[in-house]
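Remarks on the structure that follows.
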Amino acid sequence: MVQHDPHSRWPTGGVRPWPPRPPLPPERGMVTAETAVALPFLVVVAALLAWVVGLGITQVRLVDAAREGARSVARGDDTSQVRAGVVRDAPDGAEVRVQDGSGTARVTVSVRRTLELPLLGSSPGVTLRASSVSATEGDREESP
């Protein structure tokens, strides 16, 4: 018969009442393998997020360039100078369209952006566009 030890946690005298569990198998390298599988996906997601942020910045630049151009045309500045200023303010590769007449001046700026990923090639892309309209000043002559 087993003697009961009064200081033991187990009522059976220090012996566990159930058989001990077998030790867990070593799982070394599991996190490394899972990370190696997930890492390319995380890189693509990070590239997409960076591209979307870049699109937002590009859109803000387009809006600013269109607004400044429309204000310049409305003040009566020369259309070629306005176009040059808008091209300077807009992102590289932007197309500028200036319309002046019937009491308003409209400037539209657009640019096409694609995402280039190594090994995957380029995305179909997206065209960003901004347009601004301003009332022309009353004391200037209408240009054709």
| field | Residues satisfying the stated conditions in segment 97-110, i.e. of a type outside the set (D, E, K, R), in contact (Cβ under 8 Å) with a residue 12 or more places away in the chain and not in a loop (DSSP other than H, G, I, E, B) | value | V98, G101, T104, A105, V107, T108, V109, S110
| Which of (1) of a type in the set (A, V, I, L, M, F, W, C); (2) under 21 Å from the mean Cα position of the chain (by Cα); (3) surrounded by 13 or more Cβ atoms within 10 Å (Cβ to Cβ); (4) more than 13 Å from S132 (Cα to Cα) is the odd one out, the single condition L119 does not satisfy? | (3)
| Verdict on A130 being surrounded by 18 or more Cβ atoms within 10 Å (Cβ to Cβ), at pLDDT 95 or above and part of a strand (DSSP E or B) | yes
| task | Look at S134 and say whether it is within 30 Å of V43 (Cα to Cα) and among the polar types (S, T, N, Q). | result | no
| query | Would you say D100 is over 30 Å from V45 (Cβ atoms), of a type in the set (D, E, K, R) and crowded, with 18+ Cβ neighbours inside 10 Å? | reply | yes
| said: Looking only at segment 35-74, count every residue that is touching a residue at least 12 places away in the same chain (Cβ under 8 Å) and closer than 19 Å to V109 by Cα and tell me the total. | reply: 18
| said: If I filter segment 49-59 for residues that are assigned to a helix (DSSP H, G or I), buried (at least 17 other Cβ atoms within 10 Å of the Cβ) and either modelled with pLDDT of 90 or more or of a type in the set (S, T, N, Q) (or both), do I get at least one hit? | reply: yes
| remark: Of the candidates L39, L24, the one satisfying the condition of being modelled with pLDDT of 85 or more and either surrounded by fewer than 11 Cβ atoms within 10 Å (Cβ to Cβ) or of a type in the set (A, V, I, L, M) (or both) is L39
| task | Please go through segment 77-96 and pick out each residue that is exposed (fewer than 15 other Cβ atoms within 10 Å of the Cβ) and not in a helix (DSSP H, G or I). | result | D78, D92, G93, E95
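The values are calculated or read from the model by the stated rules, or taken from the named source; none is laboratory data. Nothing here was measured: the structure is a model prediction, and the numbers come from that model. In this analysis, Cβ positions are derived from the backbone assuming ideal geometry, glycine residues included, and neighbour counts consider all displayed protein chains.
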